[in-house]
Amino acid sequence: MSTTAKFLTILLGLVLTFIASADGDRTTKFSNQGSVANTRHNMTQRQSSGGGPAGITMDQYRSDYGEVCVYCHTPHGASASGAGARLPLWNRTIVPTTYQVYSALNTSTMTQPVTQPGVNSLACLSCHDGQTAIDSIINMPGSGRYLASQASSTNIGFLSTWSNPSGLGPSVHANMVECMTCHSSSAGVVGAGATDFSAFLIGTDLRNDHPVGVRYPANGSNADFKSTTATFSNIRFFDTNGNSRPDKNEIRLYDTGEGFEVECATCHDPHGVPSGGPGSQFNPTFLRVSNSSSTLCLACHTK
Ligand code: HEC
Ligand code: HEC
Ligand code: HEC
Ligand code: HEC
Ligand code: HEC
């Protein structure tokens, strides 16, 4: 082999290793312990908090507000209209959308009515359907950065008028589809080394996802389903510790006007749920209950 050929072979090897490293869902750098700040729902991506690359890589794609909660909540000036008004101090833009729902599949086995996702799903979909920029919020930290119109807007352009103190410039505000430029197995050299987030991008077609907006059968009415054991406000739940309150590790159904339904937050808590006592690692993928041995599924399905 000539020296040039050898060099090219080595170079090809390097490129392949580089590209291959973009594949797959790498283990997260976050500890998944203690707080939402130590999970993938920390959009600030401070190296110090354990996850993410140096700010400079990511700052071109989303504003680093330097506060974990603010990408989802604000203490003041929260969303007061539409779906956002029915979520706790909600700070995100929720774009009115008609989703393709599970019932469109017409599986002959479905017995329960399915409607459009309720607010406890729309909260998640405000990032996970890929339509809205991750940093598109109504009330940004600092004064004079409140934009009420943002609550019902699909416009993310206004963000560009805000000078992001942490970044190279505020001109790009990526939604989850755009994050895929790097965070996918096909990202190529630009995104080499970034975790593959493809499975996290739910999109607006929910037909390949566990049904949400689906009504849970009334207790005793359907032998295929277990009976809930408590109700608290608009939440009905499986009260495993008998304290009459829906704890974060208890599977729940939400009534937002169409009866008690399964929504994203039925199975997931976006802040993380300790798998054991306080301080223990969170259940994987923000699940309220670990799904080892299908425990989560069997909370509802009698199978
Ligand atoms: C220019 C490429 C690039 C783009 C675009 C990009 N990222 Fe990243 N991101 C990286 C790299 C590289 C890492 C470090 C390797 C890793 O952990 O995946 C990373 C890591 C992360 C992590 C930490 C992963 C973990 O569990 O440790 C999060 C969270 C994240 N990115 C979110 C985002 C979001 C949200 C967007 C879109 C707004 C985005 N990224 C866009 C390159 C990029
Ligand atoms: C990635 C988005 C996201 C982030 C970041 C986030 N939250 Fe939440 N939070 C939610 C959603 C969604 C709900 C509603 C859950 C539901 O539908 O039951 C919620 C609900 C809450 C609630 C009321 C219900 C409950 O679960 O106790 C409190 C309090 C709360 N969040 C506090 C915080 C604080 C404090 C932070 C920052 C340390 C934070 N959240 C960060 C998405 C987020
Ligand atoms: C502010 C935007 C935002 C909101 C709101 C949000 N997410 Fe996420 N979520 C993300 C991003 C971005 C990722 C991809 C991981 C990353 O960036 O590191 C992610 C990752 C995840 C993961 C994978 C975590 C892992 O460790 O493998 C799950 C599960 C998830 N989200 C569920 C939810 C659910 C359920 C809700 C609503 C209760 C929700 N998310 C609300 C932005 C959001
Ligand atoms: C009936 C329970 C249930 C509901 C409802 C549910 N999920 Fe999940 N979700 C799960 C389970 C279980 C996993 C873990 C799958 C795995 O590890 O392969 C998961 C995984 C995920 C992941 C990580 C990607 C993956 O495939 O592993 C994301 C992101 C996510 N869910 C978001 C959502 C969103 C957004 C909604 C609402 C549209 C939702 N989930 C509704 C049970 C549920
Ligand atoms: C909170 C309760 C709940 C949990 C937890 C839950 N499901 Fe469901 N699931 C339902 C309801 C309600 C339906 C709608 C049933 C119907 O209409 O017949 C459903 C529907 C389904 C269907 C579709 C049936 C059809 O006829 O097309 C499947 C498959 C399924 N669930 C599997 C799972 C799996 C797997 C898990 C665990 C990852 C799980 N479910 C967790 C409540 C739940």
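The values are calculated or read from the model by the stated rules, or taken from the named source; none is laboratory data. Note that the structure is predicted; figures quoted are calculated from it, not measured. As a convention, Cβ positions derive from the backbone with ideal geometry for all residues, glycine included, and neighbour counts pool all protein chains shown.
Of all residues in region 210-232, which are buried (at least 16 other Cβ atoms within 10 Å of the Cβ) and at negative phi?
211, 212, 214, 215, 216, 217, 225, 226, 228, 230, 231 - these are the residues of region 210-232 that are buried (at least 16 other Cβ atoms within 10 Å of the Cβ) and at negative phi.
Name the residue that is farthest from residue 123 (Cα to Cα), counting only residues in region 239-255 that are touching a residue at least 40 places away in the same chain (Cβ under 8 Å) and either surrounded by 18 or more Cβ atoms within 10 Å (Cβ to Cβ) or touching a Cys at 6+ places or on another chain (Cβ under 7 Å) (or both).
Applying the filter and picking the extreme gives 251.
Take region 258-303 and flag every residue that is among the hydrophobic types (A, V, I, L, M, F, W, C), within 23 Å of residue 68 (Cβ to Cβ) and more than 9 Å from ligand 3 (Cβ to nearest atom).
273
State yes or no: is residue 235 modelled with pLDDT of 95 or more and surrounded by 14 or more Cβ atoms within 10 Å (Cβ to Cβ)? Don't jump to the end; show me each part of the working.
Values: modelled with pLDDT of 95 or more: yes; surrounded by 14 or more Cβ atoms within 10 Å (Cβ to Cβ): yes.
Here the answer is yes, as residue 235 does meet what is asked.
Would you call residue 208 modelled with pLDDT of 90 or more and over 27 Å from residue 69 (Cβ atoms)?
Answer is yes for this residue.
Please state which one of 290, 244, 275, 280 is small (Gly, Ala, Ser) and within 10 Å of ligand 4 (Cβ to nearest atom).
290
Go through region 274-301 and report how many residues are within 13 Å of ligand 5 (Cβ to nearest atom), surrounded by 10 or more Cβ atoms within 10 Å (Cβ to Cβ) and among the polar types (S, T, N, Q).
7
What number of residues within region 127-163 satisfy the criterion of being in contact with a His (Cβ under 6 Å, 6 or more places away or on another chain), in a loop (DSSP other than H, G, I, E, B) and at pLDDT 75 or above? Explain how you work it out, then say what you get.
Step one: of region 127-163, the residues in contact with a His (Cβ under 6 Å, 6 or more places away or on another chain) are 133, 135, 156, 159.
Remaining after also requiring in a loop (DSSP other than H, G, I, E, B): 133, 135, 156.
Filter again for at pLDDT 75 or above, leaving 133, 135.
Within region 127-163, residues that are in contact with a His (Cβ under 6 Å, 6 or more places away or on another chain), in a loop (DSSP other than H, G, I, E, B) and at pLDDT 75 or above number 2.
What are the residues in region 84-129 that are surrounded by fewer than 19 Cβ atoms within 10 Å (Cβ to Cβ), closer than 16 Å to residue 266 by Cα and in contact with an Asp or Glu (Cβ under 6 Å, 6 or more places away or on another chain), if any?
115
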